[in-house]
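In what follows, a single structure is set out as structure tokens and then discussed.
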Amino acid sequence: GLPERVTIYEVGPRDGLQNEDAIVDVAVKAEFVRRLAGAGLTTIETTSFVHPQWVPQLADAAELLKLIELPDAVRAPVLVPNERGLDRALEAGVREIAIFASGTETFAQKNLNSTLDDQFAMFTPTVERALAAGLAVRGYVSMCYGDPWEGDVPVGQVVAVTKRLADLGCHELSLGDTIGVATPGQVVDLISGLQKAGVGVDQLAVHFHDTYGQALANTLTALREGVTVVDSSAGGLGGCPYAESATGNLATEDLVWQLDGLGIETGVDLEKLVATSVWMSKQLGKPAASRVVQALAG
Ligand code: HMG
Ligand code: MG
């Protein structure tokens, strides 16, 4: 069966804007986040506290958070890789963070300057301190279904990384198809592998990039497996600067169109969301990738 309600975890301001060549003005970012909340999104990943030279697009994280005032009901997690990032996030007053692990050796090197095993030496004290400070911690796993340098990724390897994040105390685990290569059978295999390892669907979120046009099919498959949290990016903004051939995330509008059609509640006002993406595309000087935005605003 399908769920009655899905929580959309909006990543446009972070996963979207981290991959734009243009550095977007901080006031425009703040307006983007406000508009997303105004369209009914209740979880908005706003920015990241990574090394500013690694992702200059989000170097204004602290400044941005000062400009954003959201209702208490809206969650505004930020990406944090290590203790230095946590210090910066705490200083900015965040209540929720997301750490991001690699499911493969090569991407651990390219994205975190670490190894598959050593990345946990970075995460363990970060998560312990975050939990002690009362923050909620989400754990991402990247390259769950395929890696541009290594090709196929063994399910057991992804399950092991995910399980370690769960054991550290991450309340939610987001399974990243960083380069958008997954197909639905792989989604079923990974979710069932996780269940066998004791990680339940109620702990999972799915994070698809749409490089090969499979993101909606993969998402629907995950919903049928019992997942109820879906990551997406307004307008289909996004990618990952440290992963070759990654294009934008599943577009939030495309997701909402499907869920509306299925009678699944999201709380999102599609019209307001499309208007937001049209506005953002003007700021970026290029059309939104989302097919639904093109259809409704074209
Ligand atoms: P490193 O160079 O190994 O860092 O980078 P280090 O620990 O050796 O420290 C070197 C210097 O950086 C030190 O300064 C640190 O203080 C400073 P110095 O003492 O030399 O003056 N430093 C920092 N400064 C500010 N903020 C920090 C920070 N950390 C260290 N947080 C590091 C290691 C993890 C920092 C680096 O590799 C990094 O920032 N990586 C982030 C890359 C990234 O953001 N990628 C995109 C997000 S992941 C993604 O998009 C995938 C996802 O969407 C899911 C999916 O699609 O699969 C989540
Ligand atoms: Mg991503």
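Taken together, the values in this text are just the output of simple stated rules run on the coordinates, not laboratory data. Values in this document were obtained by computation on a predicted structure and should not be read as measured data. Positions of Cβ are backbone-derived with ideal geometry, glycine not excepted, and every protein chain shown enters the neighbour counts.
At 20 °C and a viscosity of 1.002 mPa s, what translational diffusion coefficient does Stokes-Einstein give for the stretch 1-156, taking Rh as the Kirkwood radius over Cα pairs? Give it in µm²/s as a whole number.
Calculated translational D: 130 µm²/s.
Restrict the search to the stretch 4-35; then list the GluC sites (Glu not before Pro) that DSSP places in a loop and that have at most 14 other Cβ atoms within 10 Å of their Cβ.
Those satisfying the criteria are Glu4.
If R₀ is 22 angstrom, what is the calculated FRET efficiency for the pair Thr106 and Glu20, using the beta carbon separation as r and rounding to 0.05?
My answer for the efficiency is 0.35.
Could you list log10 I(q)/I(0) for the stretch 83-229 at q = 0.16, 0.20 Å⁻¹, which the Debye formula gives when each Cα is one point scatterer?
Values, matching the q order: -0.83, -1.22.
Using only Cα atoms, locate the centre of the stretch 170-235 and the centre of the stretch 11-27, then give the distance between them in Å, rounded to an integer.
Between the Cα centres of the stretch 170-235 and the stretch 11-27 lies a distance of 24 Å.
Starting with the fewest neighbours, write out Ser290, Ser277 ranked by other beta-carbon atoms found within 10 Å of each beta-carbon.
In increasing order of surrounding Cβ atoms, one gets Ser290, Ser277.
Mind listing the phi-derived Karplus ³J(HN,Hα) values for the stretch 124-140, rounded to whole Hz, using 6.51, -1.76 and 1.60 with θ = phi - 60°, and x for any glycine or proline?
4, x, 5, 5, 4, 5, 5, 5, 5, 7, x, 7, 8, 10, 8, x, 8
Give me the tail of P(r) for the stretch 157-281 as a percent: Cα-Cα pairs with distance above 23 Å.
Considering the stretch 157-281, 33 percent of its Cα-Cα pairs are separated by more than 23 Å.
Sort Met143, Met122 so the one with the fewest other Cβ atoms within 10 Å of its own Cβ comes first.
By the 10 Å Cβ count, ascending, the order reads Met122, Met143.
Residue by residue through the stretch 283-298, what is 3J(HN,Hα) from phi via Karplus (6.51 cos²θ - 1.76 cosθ + 1.60, θ = phi - 60°)? Round to whole Hz and write x for glycine and proline.
Per-residue couplings from phi come out as 4, 8, x, 8, x, 5, 6, 4, 5, 5, 4, 4, 5, 7, 10, x Hz.
Based solely on its DSSP helices, what 222 nm [θ] is calculated for the chain when runs of n ≥ 4 H residues each add -39,500 (n - 2.57) and the sum is averaged over all residues, nearest 500 deg cm²/dmol?
-12000 deg cm²/dmol
Relative contact order for the chain: what percent, with Cα pairs under 8 Å and sequence separation of 6 or more?
Value for the chain: 21 percent.
Once you sort the root eigenvalues of the Cα gyration tensor of the stretch 58-137 as a ≥ b ≥ c, which label holds: rounded (a/c under 1.5), prolate (a/b larger than b/c) or oblate (the other case)?
Cα axes put the stretch 58-137 in the prolate bin.
Mind giving me the FRET efficiency for Arg95 and Arg224? R0 is 45 Å, r the Cβ-Cβ distance, nearest 0.05 is fine.
Efficiency computed from Cβ-Cβ geometry: 0.90.
Fewest Cβ neighbours within 10 Å first, please rank Thr106, Thr276 accordingly.
Lowest count first: Thr106, Thr276.
Can you give the log10 of the normalised intensity I(q)/I(0) at q = 0.08, 0.13, 0.14, 0.16 Å⁻¹, computed with Debye over equal Cα scatterers of the chain?
Debye intensities relative to I(0), on a log10 scale: -0.29, -0.83, -0.99, -1.35.
In the stretch 180-298, with Lys and Arg counted as +1 and Asp and Glu as -1 at Cβ, which of these residues, Gly236, Trp257, Gln203, has the Cα nearest the positive end of the dipole, that is, farthest along it?
Gly236
Give a quick list of GluC sites (Glu not before Pro) in the stretch 214-298 that DSSP marks as loop, anything other than H, G, I, E or B, with at most 13 other Cβ atoms within 10 Å.
Glu244
List every residue whose amide H lies under 5 Å from the amide H of Ala205, counting only residues 5 or more places away in sequence or on a different chain, with H placed 1.01 Å from N in the peptide plane.
Leu173, Ser174, Leu175
Net charge around Asp254, counting only other residues with Cβ within less than 14 Å of its Cβ (Lys, Arg = +1; Asp, Glu = -1)?
Neighbourhood net charge equals -4.
Any idea how far apart Thr183 and Phe120 come out in nm if each label point goes 7 Å out from Cα toward Cβ?
A separation of 3.3 nm, rounded to one decimal place.
Taking the Cα centre of the stretch 24-137 as origin, sum charge times position over the Cβ atoms of Lys and Arg (+1) and Asp and Glu (-1), and report the length of that vector in debye to the nearest 20.
Around 220 debye, computed over the stretch 24-137.
State the answer as a single residue: which of Val227, Leu65, Pro287 lies farthest towards the positive end of the charge dipole of the chain, with beta carbon charges of +1 for Lys and Arg and -1 for Asp and Glu, about the Cα centre.
Leu65
In Å, what Kirkwood hydrodynamic radius results for the stretch 3-53 from the alpha-carbon pair distances?
12.1 Å
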